[in-house]
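Reviewing the structure listed below.
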Amino acid sequence: MITYRQKFDSLDKGALIPFFVIGDPDLETSFEIVKAAIDAGADVLELGIPFSDPIADGPTIQKADIRALDSGVTPAKAIEFIKRVSDYKDIPIGLLVYYNLIYQYGIEKFMLDFAAAGGNSALIADLCIDDVDEVKAAIEAAHLETVHMVTPNTSDERLESIVEKTSGFVYTVAVLGVTGSRDEVSDLVNPLIKRLKAATKTPVCVGFGISKPQHALDVLGAGADGVIVGSRLVKIIEENLGDKEKMIAGISTVLKEFRDAIDNR
Amino acid sequence: MEQTGRYGDFGGYYVPEVLIPALEEIEKAFYHFKDDLVFKEELESLRADYLGRETPLYFAKRFSEYVGYKVYLKREDLVHGGAHKGNNTLGQGLLAKYMGKKKLIAETGAGQHGLATSMIGALLDFDTKIFMGSVDVARQSVNVHKMKLCGASVVSVSAGSGTLKDAINDAMRYWCSNLSDTFYLFGTAAGPHPFPEIVRYFQTVIGIEARKQILVKENRLPDMIVACVGGGSNAIGLFSGFLEDESVKIVGVEAGGRGIDTTHHCATLTKGRVGVFHGAKGYLLQDEVGQVFESESISAGLDYPGVGPEHSYLKASGRAEYVPANDEEVLDAFEILIKTEGIIPALESSHALAYLISMKGKLDPNTVVVANLSGRGDKDVGIVEEHRPLK
């Protein structure tokens, strides 16, 4: 199974990381979408397990969560899904999940099952660095890598502690706020990339509000190692619920635009 | 953060990283200003002259005769605004003012916290925005109107069940994007640290007064204290005055809705399992895999699938007992208090009364009970009329 380090070392232009909610709008379509994303040039995948109360997410991802929950997705089914994806291609898979789902599954069992399915890291959106020791033993037992979030308002002291505990990549939040497409990349992100690059050799990937190829070029130009594109893609699902071919083609087209922009920079 | 905000293993601050600096800022300001003489003086003065404290501890003679033991009601329904919520919004509003914030946001269920926040927003000249579930907006239209009269804007949240938890989700999201000038005035003793501690601090006036008052009136401590529990702020306010008094039995009454064997209730401590929700570890109504239930109750103010972490701790440690009262028992209690005392209780507070009625004839006549009448029921008259039309 490929690690983040191996993947990032193999790239010289920057990683393209699409985000989807597992089972949005249903498990089969979701699998087709993820395959299309891989085929369109995704380097790493970020996948979310749907939760009833996703406080770190904006309306686009929340609606995706509701669609996925309505289609019957559970954490156990999400792990089966990850297995199918890693059987399709050996690609690093990061998970974005809310703590209660892992807590109820059993932290140790969850990490082991997720790792066995081919997952690389599980970022828990509502577990900040002060409390990550609650899951540390389980993550180590499952030999998972770690991905943690840094935001533009994170203090230097906390940033130090976060990068020290991060082995996969730093999930750099480009905005003060929740997930969602934005017209411009926030001017908060470049200074944050600089702070991170000065503090760590671990790859730095930027998400939240990356919705156009130009945004990707901006943050990669500022020194980031990858971009995470979520709401922009999930919006295409939402807008094409009646036409799955168009949905998948639309996602593929947008990701290829990102891919071309990154490869030609 | 300076403190972990733990009550045993419960509580904490399980939030996205982006919120940590905001919580740190509030925590620091709270620990500073709560002991600041100017702050304390202004709080004391407004508590007395604006909220109308202290509130009476009223011996409910005819209600006592009905249940067969002595019941004292802590009259939080007489606090300006009609509920205990003003204790907290005044305290936090002042804190926000001393911190230099310009905007207040708050979530609300029944509308009492939204109204109490809007009131303080007008008093202290804040730009105020209230997040309220669309179902609650519909069933509490009078309170919505009052909030708007106070100059607040009301955001109707239709995601999820359109109730309190969805309003909190959206308020938190808004806060994430507007941290620098906005103070999130959290309404109940739940959510991430430092909110449970701050809300408890400003509500503890209920328990401090009640303890002093009952010692004057009865020359002894009560045998039992009772309060309704949704998120749990009025209850922790009363309970906090008596936690060290081991002889005092503590009872929290949850919303049993249409019955705790249905899915239509909010009896979190009776039926929930421990989980992590809205920033804290505690009991939670959830399905097998951890998706949070949409709770249901006749009283919008108790309609919340989580509960404050200190209540989780008091339950787990056995210091307090938590019991449900269902909608029909609550409507009975609502009617009985009005008929015996001429006091219209909030449906929330009627849960505490329903427990007292369930103990009718079961306690020694000399038993002394203090119950928190957390709010007045004018807002609920229409709902009661729907369930039990007057003949």
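Computed from the coordinates by the stated procedures, all read-outs in this text should not be read as laboratory data. This structure is a prediction, so every number in the text was calculated from the model and none was measured. Here the Cβ positions follow ideal geometry from the backbone for every residue, glycine too, while neighbour counts run over all protein chains shown.
For this structure, a couple of remarks:
- Normalised by the number of residues in chain B, the average gap of Cα pairs under 8 Å and 6 or more apart makes the relative contact order 20 percent.
- Label-to-label distance, nm, for residues given as B:Glu288 and B:Leu243 (7 Å Cα→Cβ offset): 3.7 nm
- The label point for B:Ser45 and the one for B:Tyr31, both projected 7 Å from the Cα toward the Cβ, are 2.9 nm apart.
- Listed residue pairs exceeding 19 Å between alpha carbons, taken from B:Lys271/B:Lys362; B:Lys249/B:Lys362; A:Lys35/A:Lys83; A:Lys194/B:Lys28; B:Lys339/B:Lys360: B:Lys271/B:Lys362; A:Lys194/B:Lys28
- Look at the dipole of region A:4-254 built from charges on Cβ: of A:Gly226, A:Leu47, A:Met149, the Cα furthest out on the positive end belongs to A:Gly226.
- Antiparallel beta bridges, as assigned by DSSP with both residues in the protein assembly as shown, represent about 20 percent of the total such bridges.
- Cβ-based net charge around A:Ser121, under 14 Å, with every Lys or Arg adding one and every Asp or Glu removing one: +1
- Protection proxy ranking of A:205-212, B:157-164 - average other beta-carbon atoms within 10 Å, highest first: A:205-212, B:157-164
- For region B:89-115 versus region A:47-94, the gap between their alpha-carbon centres in whole angstrom: 36 Å
- Equivalent-ellipsoid semi-axes of region A:1-124, from the Cα gyration tensor, Å, largest first: 22, 17, 14
- Where labels lie 7 Å past Cα in the beta-carbon direction, separation of A:Tyr88 and A:Met1 in nm: 1.8 nm
- In Hz, Karplus ³J(HN,Hα) per residue of region B:150-164 (6.51, -1.76, 1.60; θ = phi - 60°; x = Gly, Pro): 6, x, 7, 9, 10, 9, 7, 9, 9, 4, x, 8, x, 10, 3
- Rh by Kirkwood over Cα pairs, then Stokes-Einstein D for region A:75-138 at 1.306 mPa s and 10 °C, µm²/s: 132 µm²/s
- Shape descriptor for the protein assembly as shown: Rg over Rh equals 1.01 (Cα atoms; Rh from the Kirkwood inverse mean 1/r).
- Within the straight-line cut-off of under 19 Å between alpha carbons, the lysines reachable from A:Lys212 are A:Lys13, A:Lys235, A:Lys256, sequence neighbours fewer than 8 places apart in one chain being disregarded.
- For chain A, the Cα-based Rg and Dmax, in that order, read 16.8, 49 Å.
- Cα centroid of region B:367-391 to Cα centroid of region B:15-88, whole Å: 21 Å
- Cβ-based net charge around B:Cys228, under 9 Å, with every Lys or Arg adding one and every Asp or Glu removing one: -2
- Backbone phi angles across region A:112-120, fed through the Karplus curve with coefficients 6.51, -1.76 and 1.60 (θ = phi - 60°), yield HN-Hα couplings of 5, 5, 5, 5, 5, 7, x, x, 9 Hz in residue order; Gly and Pro are listed as x.
- J(HN,Hα) series, region B:312-329, from Karplus relation 6.51 cos²θ - 1.76 cosθ + 1.60, nearest Hz, glycine and proline x: 4, 5, 5, 5, 4, 7, x, 5, 10, 10, 10, 10, x, 10, 8, 4, 5, 4
- FRET efficiency, A:Asp70 to B:Glu218 (Cβ-Cβ, R0 45 Å, nearest 0.05): 0.20
- Neighbourhood net charge (12 Å Cβ-Cβ; Lys/Arg +1, Asp/Glu -1) for B:Lys97: +1
- Beta bridges by DSSP in chain B, antiparallel share as percent, to the nearest 5: 30 percent
- Charge dipole magnitude, Cβ of K and R +1, D and E -1 - chain B, Cα centre, debye nearest 20: 600 debye
- Part-to-part distance (alpha-carbon centres) for region B:145-163 and region B:256-307, which is given in Å: 23 Å
- Nearby lysines by direct alpha-carbon distance to B:Lys148 (threshold 20 angstrom, same-chain neighbours under 8 apart not counted): B:Lys85, B:Lys102, B:Lys103, B:Lys129, B:Lys379
- For q = 0.06, 0.08, 0.12 Å⁻¹, Debye-computed log10 I/I(0) when each Cα of chain B counts as one equal scatterer: -0.20, -0.36, -0.85
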